[in-house]
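Worksheet: the structure to be examined is printed underneath.
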Ligand SMILES: *Cc1c(COP(=O)(O)O)cnc(C)c1O
């Protein structure tokens with residue numbers, strides 16, 4: 001219950017109509033629908049009422065309410081999904097949209113977005129075609145697979161494989177691979193959801209071939225291997241290779257009667273790469289082709305992690321298996337749209353020349369650019385910032401630091417990089433970080449270390465971004481004065 005003084009305050013809250021008629025709010029209705037502005041007014045009055053009742057507000061100020069409505073309305077006018085500048089040093093940043101597309105992929109998207117397209121039209125046969133055809137041959141050439149299908153994302157791919165091949169059957173997975181990928185993608189949950197009966201084998205740190213062998217029954221449909229994308233087990237560990245699993249499955253299949261489903265080996269590879277990133281040495285992820293050569297019947301991976309394309313989940317494997325997936329109703333439910341297909345096809349084409357792929361695909365070029373080159377970029381950025389930031393505002397230095405691949409790839413891999421580090425004499429790193437994210441029209445994502453604000457040059461896209469960071473810092477320091 002509100003006490004007497006709170007009731008007094010509540011009575012002084014303005015009516016919605018009163019606020020709408022304030023000149024500062026009335027003018028908003030010229031560019032925004034009246035219903036939207038009215039919602040903003042209601043929200044701000046409601047929030048004020050709640051603060052009064054909780055004792056957080058000791059007065060009701062009409063001007064503050066008007067200012068609050070103004071802020072809320074301006075916020076609505078800005079697109080919610082918009083570009084940010086990634087100075088975090090995390091290359092495949094899931095919160096920031098993972099991979100930036102290659103220019104060729106962007107062009108392909110624009111072309112099919114602006115025009116009608118051959119999405120499901122076969123021009124050679126002059127008849128209805130399939131959207132699955134655009135990328136399949138490319139994926140097969142690049143991975144050595146017999147067949148392929150691309151769906152909405154890798155989570156969808158995993159779901160589809162489990163539903164088609166293991167629903168109401170057993171699927172064996174090592175306890176060391178029952179992972180959570182993040183964003184509520186947990187292997188046990190997805191198993192349950194697809195009605196596969198999960199059979200866990202081994203222990204968290206050690207699983208042997210005999211663990212799998214002992215668990216196989218006539219009902220086992222799948223040996224599932226999950227690539228440990230976002231973590232590594234080190235120390236006293238043991239896991240079973242695809243090659244060994246394949247041998248086990250082959251033995252089992254020779255004993256199975258005609259007409260009984262085959263035991264399959266399926267690897268959820270997570271990131272998926274076509275080019276072995278040898279510069280990462282022992283940390284280099286296995287390529288899709290390697291997993292197939294080792295004997296996987298099916299492999300699935302993401303389109304927008306280390307592959308550097310649009311969000312997609314790609315499944316490769318034997319013809320008869322992919323055919324079954326194409327006929328599964330989930331293929332229709334989880335299908336890709338034309339813009340994603342265009343981006344995926346254009347990205348895949350770049351891989352025919354691996355050097356060109358490393359140059360044109362931003363994720364690959366950021367991963368592979370040498371630290372010394374990043375240092376030069378950091379120096380350019382510093383020079384740009386020094387033009388606008390004075391020594392009594394902040395001092396700057398170039399520091400050696402570590403970038404991350406991100407997106408659950410190369411988790412152990414420290415990628416040497418260089419950052420511009422700002423030490424604040426006015427304001428603070430924390431306040432500036434807040435300003436750059438929440439107040440600047442294009443959010444700028446940096447990181448804080450030991451009270452310094454770091455801008456990692458590895459994930460910046462071009463010099464235009466250096467200028468934008470300089471402008472944002474100028475505005476920040478103007479506000480500090
Ligand atoms: C990232 C990842 C997924 C999920 O892929 P999305 O494309 O994000 O849906 C599934 N499995 C593994 C091992 C992963 O690394």
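The values are calculated or read from the model by the stated rules, or taken from the named source; none is laboratory data. Everything quoted here is computed from the prediction, not taken from an experiment. Counting neighbours? That spans all protein chains shown, and the Cβs are built from the backbone with ideal geometry, glycine included.
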If I filter region 121-135 for residues that are within 16 Å of the ligand (Cβ to nearest atom), part of a loop (DSSP other than H, G, I, E, B) and touching a residue at least 12 places away in the same chain (Cβ under 8 Å), do I get at least one hit? no
Can you find a residue that is assigned to a helix (DSSP H, G or I) and more than 16 Å from the ligand (Cβ to nearest atom) anywhere in region 390-398? no
Here's a check for you: in region 232-255, which residue that is in a loop (DSSP other than H, G, I, E, B) and touching a strand residue (DSSP E or B) at 6+ places or on another chain (Cβ under 8 Å) is nearest to the ligand (Cβ to nearest atom)? 239
Set 383, 378: member being crowded, with 18+ Cβ neighbours inside 10 Å and away from the ligand (no atom under 16 Å from the Cβ): 378
From the list 364, 344, pick out the single residue that is under 28 Å from residue 118 (Cα atoms) and buried (at least 19 other Cβ atoms within 10 Å of the Cβ). 344
For residue 315, state whether it is within 13 Å of the ligand (Cβ to nearest atom) and touching a residue at least 24 places away in the same chain (Cβ under 8 Å). yes
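Conditions (1) away from the ligand (no atom under 16 Å from the Cβ); (2) in a helix (DSSP H, G or I); (3) surrounded by fewer than 18 Cβ atoms within 10 Å (Cβ to Cβ), marked per residue:
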| residue | (1), (2), (3) |
| --- | --- |
| 51 | yes, yes, yes |
| 58 | yes, no, yes |
| 64 | yes, yes, yes |
| 73 | yes, yes, no |
| 83 | yes, no, yes |
| 91 | no, no, no |
| 104 | yes, yes, yes |
Somewhere in region 17-36, is a residue more than 26 Å from residue 438 (Cβ to Cβ) and in a loop (DSSP other than H, G, I, E, B)? yes
(1) modelled with pLDDT of 95 or more; (2) assigned to a loop (DSSP other than H, G, I, E, B); (3) surrounded by fewer than 19 Cβ atoms within 10 Å (Cβ to Cβ) all hold for residue 258 apart from (1)
Number of the exception - residue 399 against (1) surrounded by fewer than 18 Cβ atoms within 10 Å (Cβ to Cβ); (2) within 15 Å of residue 88 (Cα to Cα); (3) at pLDDT 95 or above; (4) in contact with a helix residue (DSSP H, G or I) (Cβ under 6 Å, 6 or more places away or on another chain): (4)
Does region 113-120 include one or more residues that are more than 16 Å from the ligand (Cβ to nearest atom), part of a helix (DSSP H, G or I) and over 30 Å from residue 222 (Cα atoms)? yes
Scanning region 186-200 for residues that are within 23 Å of residue 321 (Cβ to Cβ) and in contact with a helix residue (DSSP H, G or I) (Cβ under 9 Å, 6 or more places away or on another chain) gives 187, 190, 191, 193, 194, 195, 196, 197, 198, 199
Give me a count of the residues in region 263-272 that are within 10 Å of residue 288 (Cα to Cα), in a loop (DSSP other than H, G, I, E, B) and either away from the ligand (no atom under 16 Å from the Cβ) or in contact with a helix residue (DSSP H, G or I) (Cβ under 7 Å, 6 or more places away or on another chain) (or both). 1
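Yes or no, residue by residue, for (1) within 14 Å of residue 89 (Cβ to Cβ); (2) surrounded by 21 or more Cβ atoms within 10 Å (Cβ to Cβ):
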residue: 419; (1), (2): yes, yes
residue: 425; (1), (2): no, no
residue: 434; (1), (2): no, no
residue: 444; (1), (2): yes, yes
residue: 458; (1), (2): yes, yes
residue: 461; (1), (2): yes, no
residue: 468; (1), (2): no, no
residue: 476; (1), (2): no, yes
residue: 479; (1), (2): no, no
